[in-house]
1. With N set to the number of residues, divide the alpha-carbon radius of gyration of segment 3-127 by 2.2 N^0.38 Å and report two decimals.
2. Which of I21, I103 has the fewest other C-beta atoms within 10 Å, and how do the rest follow up to the most?
3. Along each principal axis of its Cα atoms, how long is segment 94-153 end to end? Whole angstroms, biggest number first, please.
4. Using θ = phi - 60° and the Karplus form 6.51 cos²θ - 1.76 cosθ + 1.60, what ³J(HN,Hα) does each residue of segment 97-106 get, whole Hz, x for Gly and Pro?
5. What length, rounded to one decimal in nm, is gained on full extension from Y138 through to K11, with 0.36 nm per residue of separation minus their alpha-carbon distance?
6. Starting at the first residue of segment 142-150, write each ³J(HN,Hα) from the Karplus equation 6.51 cos²θ - 1.76 cosθ + 1.60 with θ = phi - 60°, in whole Hz, x for Gly and Pro.
7. In what order do V96, V108 fall by count of nearby beta-carbon atoms within 10 Å, going from fewest to most?
8. Give the peptides 22-35, 114-127, 137-150 in descending order of average Cβ contacts within 10 Å, highest first.
Amino acid sequence: MSKVFIVMGSKSDLPVAEKAIAILKRFGIRFDIAVASAHRTPARVEELVKGSDADVFIAIAGLSAALPGVVASFTLKPVIGVPVSGNLNMDALLSVVQMPPGIPVAAVGLDRGDNAAVLAAEILAIGDASLADALAAYRAEQAEKVLSDSEKVRAELGC
Ligand code: RP5
C-alpha cells in the first residue's frame with residue numbers, strides 16, 4: 001500500500017522524480033513509481049491511476065505535459081504536477097498549470113520534484129500528527145540553515 005504514487009512521462013524524467021523520492025524517504029512516506037505517458041500509453045495511465053490506493057499522486061512530465069491533467073481526470077485524489085524543464089520551458093509549465101475548471105492540478109515549479117513531495121507530505125499530515133511534527137522540524141532545519149549561512153557570509157566578508 002502506497003501513500004504517494006509518482007508517475008513519470010518518461011524514464012528521462014527520473015532525475016526530477018529522485019528529488020521527490022529523497023523527500024518522501026526522509027519522511028518515511030511509502031511510495032510507488034511508474035513510467036506511463038499520457039500520449040504514448042494513455043490506457044496504461046488510466047489502469048495505473050484507477051488501480052492505485054495512493055492518497056496523493058505526483059505526475060512529472062515535460063514538453064506538452066498532459067500527464068498531470070490526465071492523471072487528475074482518473075482520480076478524485078489530489079494530483080501534484082511537476083513540469084520538467086527543456087529547451088522550451090513554458091510549454092510544460094503552462095500545460096501543467098493551465099487546467100480547465102473542475103479538474104485541478106497543484107502545480108509546482110520547473111523540476112521541483114522536491115516541492116511536490118513536501119506538498120504531498122503536507123496533504124498527508126492533515127491526518128497524521130507525527131508527520132506534521134516532522135514537517136515542522138524540516139521547516140526549523142531550513143530556518144537554521146539560512147541563519148548559519150548568513151553568519152558564514154558575514155564572517156567571510158569581515159562584517
Ligand atoms: C514527455 O516528454 C516526458 O515527460 C519527457 O519529459 C519528455 C521527453 O520524453 P523522452 O523523449 O525523453 O521519452 O512526455
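1. Compared with the compact-globule rule of thumb, segment 3-127 sits at 0.93.
2. The order, fewest Cβ neighbours first, is I103, I21.
3. On the principal axes, segment 94-153 reaches 46, 32, 15 Å in Cα extent.
4. Karplus values, whole Hz, x for Gly and Pro: 7, 8, 6, x, x, x, 10, x, 10, 7.
5. Additional length available on full extension: 42.8 nm.
6. 5, 5, 4, 5, 4, 5, 5, 4, 4
7. Ordered from fewest to most neighbouring Cβ atoms within 10 Å, V96, V108 come out as V108, V96.
8. Ranking the peptides 22-35, 114-127, 137-150 by packing returns 114-127, 22-35, 137-150.
Every number in this text was worked out from the coordinates using simple rules, so none of it is lab data. Note that the structure is predicted; figures quoted are calculated from it, not measured. Quick reminder, even Gly has a Cβ in these numbers, built from the backbone with ideal geometry, and neighbours come from all protein chains shown.
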